[in-house]
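Trainee: Here's a structure for you.
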Amino acid sequence: MTDARSQFRALVGRELRTVARTRIYALLAVGVAGLLFALTAGGGGAQTGYLPAVVDLLLPLELLVPLVAVAVGYRSVVDDLERGELAVLETYNVPTWVYVAAIYVGRAAVLSATLLGGLLLVGLVIVVAAGPDTTVYATHSGVDSPILWGRFMVLTLLFGLAMEALVVLLSVVARSVRAAIVLATGGVLLAAAGGDALIVLGLADGWLTESNLLSALAVAPNSAYRGLVFETVIGVASAGEGGSAAPLWSLLGLVGWLVGSLAAATLLLSRRQL
């Protein structure tokens with residue numbers, strides 16, 4: 001166990017040093033922060049409060065977060081496979097699960113810094129720009145609060161971590177860097193948008209009904225994320241709102257994508273090395 005811990009720390013450190021030497025990740029963080037600020041300012045959320053900003057950003061983030069996950073992680077495993085570094089690591093008896101976990105943690109740290117940095121910037125802008133009369137809404141029973149913004153940040157991060165795990169899995173599947181970017185981009189967009197398409201098809205064909213709709217919404221990562229935001233952020237401050245998702249099932253859905261993707265990546269990589 002001690003060896004596994006030291007190997008894990010060494011591999012995470014390697015990932016972070018690799019990222020620190022690559023300027024594109026810094027540019028990505030700046031670009032994400034700038035885009036989030038532009039979306040919030042353009043939609044008026046910066047002047048009107050946290051909840052309007054959440055509404056402005058929710059739909060764009062359903063697309064942006066998977067793309068950021070791809071940018072951060074699509075080369076994570078396939079680079080090592082192409083350069084033969086995994087064969088070197090095998091000589092040190094590094095367990096596959098330690099390698100996959102370390103790769104994921106290193107890339108997840110970059111993803112977290114990128115997303116949380118941008119959302120923190122937007123939150124600070126709202127603090128400065130929003131007027132004092134925007135904290136309470138006449139049509140709502142609740143109060144606009146930075147706590148709600150904090151919840152939104154946490155849920156967005158969880159969505160991003162689930163997508164990053166999927167990208168690591170797709171990087172294991174890919175046979176080259178070029179294939180990895182195509183596979184990762186297509187895979188996360190299919191996971192994000194395909195779930196909604198299947199739900200619409202299910203409702204149209206009748207094999208989805210009101211009784212199992214909320215559970216079905218928890219399966220697709222983007223609809224699980226959207227439902228959690230509606231139930232625990234937007235709905236909290238809205239009189240009579242709610243019932244758009246099953247929060248526990250949606251939370252389990254995102255965690256399932258995270259854990260399941262990493263487990264599948266470990267299994268596939270173990271077989272690929274045989």
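A short reminder: the numbers here are calculations on the coordinates, not readings from a lab. For clarity, every value in this text was computed on a predicted model and none was experimentally measured. Note that each Cβ is placed from the backbone with ideal geometry, even for glycine, and that neighbours are counted across all protein chains shown.
Trainee: Among VAL70, VAL100, SER112, which residue has its Cα positioned farthest towards the positive end of the charge dipole of the stretch 2-113, with +1 placed on the Cβ of Lys and Arg, -1 on the Cβ of Asp and Glu, and the dipole taken about the Cα centre?
Mentor: SER112
Trainee: If you build a Gaussian network model of the chain, linking Cα atoms that sit under 10 Å apart, which residue out of TYR99, TYR225, TYR50 swings the most?
Mentor: Answer for the Gaussian network model of the chain: TYR99.
Trainee: So, one more: Let me know the volume per residue of the alpha-carbon convex hull for the stretch 1-41, in Å³. Walk me through the numbers before you get to the answer.
Mentor: On the way: hull volume 2.6 nm³, N = 41.
Each residue corresponds to 63 Å³ of Cα convex hull volume.
Trainee: Here's a follow-up. Report the gain in length on full extension from ALA129 to LEU190: 0.36 nm times residue separation, minus Cα-Cα distance, nm rounded to one decimal.
Mentor: Values: separation 61, 0.36 × 61 = 21.96 nm, distance 3.73 nm.
Taking ALA129 through LEU190 to full extension adds about 18.2 nm, to one decimal.
Trainee: Could you tell me how many degrees, from 0 to 90 and to the nearest 10, lie between the Cα long axis of helix 146-173 and the main elongation axis, the longest principal axis, of the Cα atoms of the chain?
Mentor: 30
Trainee: Order these peptides, 159-170, 257-268, 78-89, by their mean beta-carbon neighbour count within 10 angstrom, highest first. The partial results should precede the final answer.
Mentor: Working: 159-170: 27.3, 257-268: 18.7, 78-89: 15.2.
So the peptides 159-170, 257-268, 78-89, ranked by packing, come out 159-170, 257-268, 78-89.
Trainee: Return a whole-number percent for the relative contact order of the chain, with Cα pairs under 8 Å and 6 or more residues apart as the contact set. Intermediate values should be presented prior to the final figure.
Mentor: Values: 368 pairs, mean separation 67.0, N = 274.
So the answer I get is 24 percent.
Trainee: At 222 nm, what value in deg cm²/dmol follows for the chain if DSSP H runs of at least 4 each add -39500 (n - 2.57) and the sum is divided by all its residues, to the nearest 500? Don't skip to the end; give the middle numbers.
Mentor: Details: 12 runs with 216 residues, N = 274.
Calculated from helices alone, the mean residue ellipticity at 222 nm is -26500 deg cm²/dmol.
Trainee: Can you check what the Kirkwood hydrodynamic radius comes to for the chain, Cα pairs only, in Å to one decimal?
Mentor: On the way: mean 1/r = 0.0504 Å⁻¹.
Averaging 1/r across every pair of different Cα atoms and inverting gives 19.8 Å.
Trainee: How much length, in nm to one decimal, is gained on full extension between ALA113 and ALA10, taken as 0.36 nm per residue of separation minus their Cα-Cα distance?
Mentor: Working: separation 103, 0.36 × 103 = 37.08 nm, distance 2.02 nm.
Going from the current span to full extension adds 35.1 nm.
Trainee: Using only the Cα atoms of the stretch 1-134, what do you get for the radius of gyration and for Dmax, in Å?
Mentor: Gyration radius and largest Cα-Cα distance of the stretch 1-134: 19.0, 64 Å.
Trainee: About the Cα centre, and with charges only on the beta carbon of Lys, Arg (+1) and Asp, Glu (-1), how big is the dipole of the chain? Nearest 20 debye, please. Kindly include the intermediate steps, with their values, before the conclusion.
Mentor: Working: 15 positive and 17 negative charges, 213 e Å.
With Lys and Arg at +1 and Asp and Glu at -1, about 1020 debye.
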